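A.B. asks: What follows is a structure written as structure tokens; I'll ask about it next.
A short reminder: the numbers here are calculations on the coordinates, not readings from a lab. Because the structure is predicted, anything quoted here is derived from the model rather than measured. As a convention, Cβ positions derive from the backbone with ideal geometry for all residues, glycine included, and neighbour counts pool all protein chains shown.
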């Protein structure tokens with residue numbers, strides 16, 4: 001038997017590589033003769049650099065850059081084995097986790113640090129640059145990134161405007177004359193969303209509240225991004241307003257299109273190609289994927305569904321293991337997975353699922369293999385849920401928890417001491 005483990009990270013708990021290692025260890029302990037292939041993945045958010053470097057040869061480059069509030073932070077990006085391909089994670093320079101909750105204000109935060117990472121990658125001789133744009137703290141349309149690369153964003157008096165989405169209303173002219181030479185360089189934004197820059201589904205109205213924006217700030221940012229789009233169209237000749245994905249990372253997608261002549265791709269689709277996941281899955285008997293929470297966003301560009309779709313193309317069944325179920329989990333899983341397991345179902349409390357994720361992953365694998373021995377079939381009349389989630393809650397019932405505790409005691413011996 002050949003099993004490929006291609007999971008995303010469990011945010012706040014385990015990296016994608018740690019998830020893959022725990023699952024593979026469980027399989028080997030139960031069936032040492034089986035082949036396990038660890039292929040951690042990401043969709044452009046936090047953990048993208050780690051996932052890529054775990055899956056393929058490359059090196060890390062450490063850089064001190066400016067945070068969203070212009071303090072110094074340490075960031076890393078990957079240069080792959082060809083020496084020409086860089087993978088950047090904007091969250092390392094401009095991510096929400098870098099800003100204390102009390103200081104989150106997208107009128108002020110900037111993507112300048114992300115631009116510094118791009119600059120360093122170009123200085124290293126990279127001509128193919130992937131930028132994962134998940135997890136941002138910013139809504140500046142990529143203006144800070146552009147400034148770091150030598151672009152001048154000027155007001156009516158010819159002075160450079162201050163950083164932050166709140167100052168984009170002062171923009172009157174974009175001067176590209178001092179921009180770093182990007183001839184021969186192709187830049188691709190890796191996004192897990194397809195939101196446009198503007199409108200009800202745009203950067204300001206959908207994402208700004210997550211970054212500390214009040215309703216009044218949201219409307220100001222919407223107007224400012226619309227103004228930015230107008231100036232970009234007038235000065236650069238690029239219409240970014242309605243491009244799918246342009247609204248990702250507070251409009252950084254639009255900035256990559258306009259200021260770097262870049263493009264936007266599905267993060268998981270690009271990573272799948274980059275790490276040659278299809279070749280790893282080809283000929284496998286089973287694929288195990290997952291992420292921290294399985295919910296309605298999973299079907300909209302997240303890693304587990306992307307992996308499952310590749311497995312399906314190759315005629316290989318896939319199962320998903322997640323930390324918990326969220327709203328829309330049932331709909332996200334239908335037609336994609338042979339089985340879905342939540343660690344929250346196995347744990348006796350939410351705290352346990354966060355404190356003992358490796359052990360729970362091993363138990364989840366052991367439970368699946370005990371209940372579903374091979375051979376596995378790709379098609380199944382419906383997803384097998386250990387407990388089917390409700391439409392709105394991931395919390396198992398009290399009755400289920402009582403039953404599970406009894407079953408758990410009975411299974412300890414058969415699970416080889418994983419408890």
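A.B. asks: Rounded to two decimal places and with Rh computed the Kirkwood way over Cα pairs, what is Rg over Rh for region 180-316? The partial results should precede the final answer.
C.D. replies: Working: Rg = 17.7 Å, Rh = 16.6 Å.
My calculation of the ratio gives 1.07.
A.B. asks: Find how many whole Å separate the alpha carbon centroid of region 266-295 from the alpha carbon centroid of region 1-47.
C.D. replies: When both Cα centres are located, 11 Å separates them.
A.B. asks: Percent of alpha carbon pairs in the chain separated by more than 38 Å?
C.D. replies: 25 percent
A.B. asks: For region 48-268, what is the percent of antiparallel DSSP beta bridges, rounded to the nearest 5? Don't skip to the answer; put the middle values down first.
C.D. replies: Values: 16 of 30 bridges.
Here the share of antiparallel DSSP bridges comes out near 55 percent.
A.B. asks: Take the eigenvalues of the Cα gyration tensor for region 48-268, scale each by 5, and report the square roots as semi-axes in whole Å, largest first. Before the final figure, lay out the partial values.
C.D. replies: Numbers: eigenvalues 127, 71, 52 Å².
Gyration-tensor ellipsoid for region 48-268: 25, 19, 16 Å.
A.B. asks: What FRET efficiency comes out for residue 219 versus residue 331 if R0 is 41 angstrom and r is the Cβ-Cβ distance? Round to the nearest 0.05. Let's see the in-between values first.
C.D. replies: Numbers: r = 32 Å, r/R0 = 0.77.
Computed FRET efficiency for residue 219 and residue 331 comes out at 0.80.
A.B. asks: Rounded to two decimals, what is Rg over Rh for region 1-127 when you use alpha-carbon atoms and the Kirkwood radius? Show your work: numbers first, answer last.
C.D. replies: Working: Rg = 17.3 Å, Rh = 16.1 Å.
Using Cα coordinates only, the ratio equals 1.07.
A.B. asks: Could you work out the Kirkwood radius for region 124-181, taking every pair of different alpha carbons, averaging 1/r and inverting it, reported in Å? Mind dumping the intermediate values first?
C.D. replies: On the way: mean 1/r = 0.0788 Å⁻¹.
Evaluated on region 124-181, it is 12.7 Å.
A.B. asks: Something else about it: On the first, second and third principal axes, largest extent first, how far apart are the outermost C-alpha atoms of region 76-125 in Å?
C.D. replies: Over region 76-125, Cα extents along the principal axes are 42, 15, 10 Å.
A.B. asks: Based on the Cβ-Cβ distance from residue 2 to residue 230, what FRET efficiency comes out when R0 is 60 Å, to the nearest 0.05? Before the final figure, lay out each step's value.
C.D. replies: Values: r = 54 Å, r/R0 = 0.90.
After rounding, the FRET efficiency stands at 0.65.
A.B. asks: With the crude spin-label approximation of a point 7 Å out along Cα→Cβ, what separation in nm comes out for residue 349 versus residue 372?
C.D. replies: Each label point lies 7 Å from its Cα, and together they span 3.0 nm.
A.B. asks: Let me ask something else. Please give the length that would be gained between residue 70 and residue 175 if that part of the chain were fully extended, namely 0.36 nm times their separation in residues minus their C-alpha to C-alpha distance (nm, one decimal).
C.D. replies: Values: separation 105, 0.36 × 105 = 37.80 nm, distance 2.27 nm.
Going from the current span to full extension adds 35.5 nm.
A.B. asks: Measure off 7 Å from each Cα along the Cα-to-Cβ vector at residue 59 and residue 123, then give the distance between these two points in nanometres to one decimal.
C.D. replies: Label-label distance for residue 59 and residue 123, simple model: 1.6 nm.
A.B. asks: If you average 1/r over every pair of different alpha-carbon atoms in region 111-229 and take one over that average, what Kirkwood value in Å do you get? Before the final figure, lay out the partial values.
C.D. replies: Values: mean 1/r = 0.0661 Å⁻¹.
One over the average 1/r among Cα pairs gives 15.1 Å for region 111-229.
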